[in-house]
Amino acid sequence: MFIQLSAGSFYAWAIFNNGFMLKTGGVVKMVNGAKKIVGGLPAASVSFTFTLGMLCLSLATLAGIPLAKKYGIKIVNTIAAIIYGLSILGLTMIGKGSSIWTLWLFGGVLLGAMNGVLYLTSLTNAIKWFPEKKGLISGICVACYGLGSFVFKYIAMWVAGGNGVINASNIGRVLLWWGILALVLAVVGSLLLKDAPEVVAAPSAAEAKSENVNFSTSEMLHTPQAYMIFFCLMTACMFMGLLGAAVTNMAAAWTQSPKDVSIWAGSSAAAFFVAVVAIANTIGRFVMGWLSDITGRKPVFFITFIIQLLTLLALLMTKPGDMSMGMIYTVVMAMAFCFGGNITVFPTFVSDYFGLRDTSRNYSVIYQGFGIGAILVGFLMASGNPLNPGKVTLANGAVLTQNFPLLYKVLLVMVIISLVIFAVIKKPVKKA
């Protein structure tokens, strides 16, 4: 739980976007009657750090699982925890003249990769300890992961002082506290870990009845179900890519007038959306993890993906700037709740379809959809160029460097395809 709390704090990244823009030389100016941050690193490039981190997170799981099996989970997680904390502390060096590549290295590559090792190795190890309660255990672990951003958001506001807004003058102090707390939590949690036995407990009655068969990773990749689940996971994770990287900017663009979008996105009111995401995300993990053990996994996916479909329709059918605060809260909470539920149920869904024996390796491969989905979000929001994102004019005249309408439309199509997949997918039959 300590490890998951520490790693989950990464999902509060959105509260730092304006702070990094200002720290790297940006200043607030009036442009065509609207307050904007001029200079510094572009908003889309800064928010792309989070999506890059999600890609590295998923890629690192491919190495983390076999390394933990070879050297022991305690050793691997302790090393990852130290690098994770030092990566956050490395972000304190970002300032005027800093390259976007420096931000991407510490905040994206290193922070994301170590996050992936910490998150998935401890999660799959916990599932192996309690195979008869996979949904519940997965829910508890990933709920702590989701809770990390909620807890840290308020710690960050307290450290920032004043109204809690992170800016050029206090971002270094906030990053220092984040790094120290994340390092201590992750290291302590890692030292308490113990490898789960390879010979797990007897399967549950439901598993015995379904004659669950174990697939190796190679065998899994020869089934169409693996790629169908991969696509659905990628779709589900794109919602977190959106919320984690740019929830404050999204809320600002859909509720504020064009002249207020840029500044409101960096306000304490906007930062509260990070807490909303964390709360809904955590509740979704508990509720859907528990529900999946009762109803099965597919009914849970139908519920979450239909809700996500409705949130996208609400955003596409509402003119930017015209959405009420109540409605945007509902949309954001629904997206976060569904993501929390989905990311909790997917590991158990994979083990249901391909067996428990190789669930760590199998899920680490399927989990690459997490990173690919995140990168796809980053490129779509940056109109295809995170280094030099093009400007997008919304229907109300607001000018952004984040292409939300394009992302919504692509996600809408992907959610519909995912619902079709869940309607037709069946457990694979292992060839003799």
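On the beta carbon distance between Lys430 and Val27, with R0 = 56 Å, the FRET formula returns roughly 0.35. Once Lys and Arg get +1 and Asp and Glu get -1 on their Cβ, which of Ile229, Ala68, Phe379 lies farthest toward the positive end of the dipole of the chain? The residue sitting most towards the positive pole is Phe379.
In this Cβ point-charge picture (+1 for Lys and Arg, -1 for Asp and Glu), segment 1-98 has a dipole of about 120 debye about its Cα centre. Between segment 294-321 and segment 331-363, what is the C-alpha centre distance in whole Å? One Cα centre to the other: 17 Å.
Shape call for segment 236-355 from the C-alpha gyration tensor, a ≥ b ≥ c root eigenvalues: rounded (a/c under 1.5), prolate (a/b greater than b/c) or oblate? Judged from the Cα gyration tensor, segment 236-355 comes out prolate (a/c at least 1.5, a/b above b/c). The simple Förster model, with R0 at 30 Å and r as the Cβ-Cβ distance, assigns Tyr154 and Trp101 a FRET efficiency of 0.45.
Rounded to the nearest 10 degrees, the angle from helix 171-191 to the longest Cα principal axis of the chain is 10 degrees. Each other residue within a Cβ distance under 15 Å of Met93 adds +1 if Lys or Arg and -1 if Asp or Glu, for a net charge of +3. Pairs from the table (Lys74/Lys426; Lys70/Lys133; Lys70/Lys430; Lys194/Lys427; Lys153/Lys427) lying more than 30 angstrom apart at Cα are Lys74/Lys426; Lys194/Lys427; Lys153/Lys427.
With a cut-off of 12 Å between beta carbons, the residues surrounding Thr304 carry a summed charge of +3, where Lys and Arg count +1 and Asp and Glu -1. Taking the C-alpha atoms only, the angle from helix 111-129 to the longest principal axis of the chain is near 30 degrees.
Panel order for Ser324, Ser58, Ser87, by other beta carbons found within 10 Å of each beta carbon, from fewest to most: Ser324, Ser87, Ser58.
Let me know the shape class of segment 41-95, please: from the alpha-carbon gyration tensor, a ≥ b ≥ c as square roots of the eigenvalues, rounded when a/c is under 1.5, otherwise prolate if a/b is greater than b/c, or oblate. Note, shape of segment 41-95 comes out oblate.
None of the figures in this text is laboratory data; all of them are computed from the coordinates on show. Bear in mind the structure is a predicted one, so any value in this text is a computation, not a measurement. So basically every Cβ, Gly included, is an ideal-geometry build from the backbone, and we count neighbours across all protein chains shown.
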